[in-house]
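Take a look at the structure below.
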């Protein structure tokens with residue numbers, strides 16, 4: 001399980017555009033580097049990030065080897081109703097790391 005950090009406001013007003021920031025600990029090895037003994041370091045990358053808001057996809061990114069280690073993603077979404085934000089990172093082997101945050105939308 002990878003360690004993820006998420007910055008998302010716990011509350012918002014109806015229709016407010018909120019800022020979401022995520023950071024996940026991952027080496028993002030391209031497969032092109034070599035270790036101290038000259039042996040190739042195997043490729044190990046995250047390939048996809050998806051944020052769902054109450055089950056509907058709100059943001060999606062496909063990640064490639066050129067993305068730095070510990071990928072940081074920032075995006076905005078409109079908070080219309082209270083609910084759950086689900087964040088999912090998938091690596092090249094199909095392993096998934098997910099986190100959730102609740103948001104309360106009140107006038």
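Every number in this text was worked out from the coordinates using simple rules, so none of it is lab data. All values reported here derive from a predicted model rather than from experimental measurement. Using ideal geometry, Cβ is built from the backbone for each residue, glycine included, and neighbour counts are taken over all protein chains shown.
For region 1-73, with equal point scatterers placed on the C-alpha atoms only and solvent neglected, what are the log10 I(q)/I(0) values from the Debye formula at q = 0.20, 0.28 1/Å, to two decimals? Results for region 1-73 at q = 0.20, 0.28 Å⁻¹ read -0.93, -1.34.
With a Förster radius of 22 Å applied to the C-beta separation of residue 11 and residue 54, the computed FRET efficiency comes to 0.90. Simple spin-label estimate for residue 104 and residue 37 gives 5.6 nm between the two label positions (7 Å along the Cα-to-Cβ direction from each Cα). Its relative contact order, with pairs defined as Cα atoms under 8 Å and 6+ residues apart, puts the chain at 33 percent. Here the contact order of region 1-40, divided by its residue count and restricted to Cα pairs under 8 Å and six or more residues apart, works out to 37 percent.
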